[in-house]
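Everything below concerns the one structure shown next.
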Amino acid sequence: MNDMTEGYHFNVMRRAIDLIDQGGESMSLEDLARAMDMSPAHFQRLFTKWAGVSPKKYQQYLTLGHAKALLHDHFTTLETSNSVGLSGSGRLHDLFLRWEAMSPGEYARKGAGLTIYWGWFDSPFGLSLVMGTEKGICGIGFASETGEEWAMQDLVSRWPKATFVEDPMFLRPWVLAAYQTDSAALDKTPLYMIGSPLQIKVWEALMRIPSGQVSTYSEIAQSIGMPRAVRAVGTAVGRNPVSWLIPCHRALRKSGALGGYHWGLPVKRCLLAYEGARADAE
């Protein structure tokens, strides 16, 4: 993975979102490329390489109304998701072969006795802060909207009694596998989920939503046997510390609204567009 190229791609995506939101949904390829200070040919190559589809097609995935289309065309019920769409080799992080959850007692100690390694990595979605223990990745945050300082404080505050050690080389093999587009590589990316029992249940449900698909907060609540606890489930979704790999961006409101996203709604839109475009391209 070329870190500089990945970061550049995300910056282009972010600028494209702003242009589209300003009324550019119907812009031609030439006009959109000109507004981005790029040649149409270069713009076409960049988008196709990053998203798997043409810029014109990708515009559809970045629009504000795309969430409603996702709910209509790509909604999944979690009861059946284990048998639908999980075997395709091109899918992103649909199957985790190795993950482990911290015990409730360990969680209550707020990270006491735990060493957490951290480092900054560029990703297809901008600069990311990755944290992990000896057992696997326990945190991924995106800093493009929140800023680096806020992202660091946010993840550190979740395990205030842990010992934090900067060691990107320790994490690098897992991170490189995590950001690959081949789901077969993800057996090299173990997860270590640190949360309350309710949070762990919700995060497990999120991992059953296939790439390119979405579900709703109420559907997630139903799937974990707590249909009346939609608000609590929404809070647990928002507290997910491992963005991208535990795909909280795939949870939408029943109305088709995006809902919230801890690391900024433009990032959520890019995540959904990236997955949707690649899934449809298959």
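For trypsin sites (Lys or Arg not before Pro), the sites in the stretch 105-188 that DSSP calls loop and that have at most 10 other Cβ atoms within 10 Å are Lys161. Residues whose amide H lies under 5 Å from that of Trp99, counting only those 5 or more places away or on a different chain, are Leu191; hydrogens are built 1.01 Å from N in the peptide plane. So if I take the centroid of the Cα atoms in the stretch 187-203 and the same for the stretch 106-149, what is the distance between those two points in Å? That distance is 13 Å.
Since every read-out is calculated from the coordinates, none of them should be taken as a lab result. The shown structure was predicted, so the numbers you read here are calculated from the model rather than taken from an experiment. In this analysis, Cβ positions are derived from the backbone assuming ideal geometry, glycine residues included, and neighbour counts consider all displayed protein chains.
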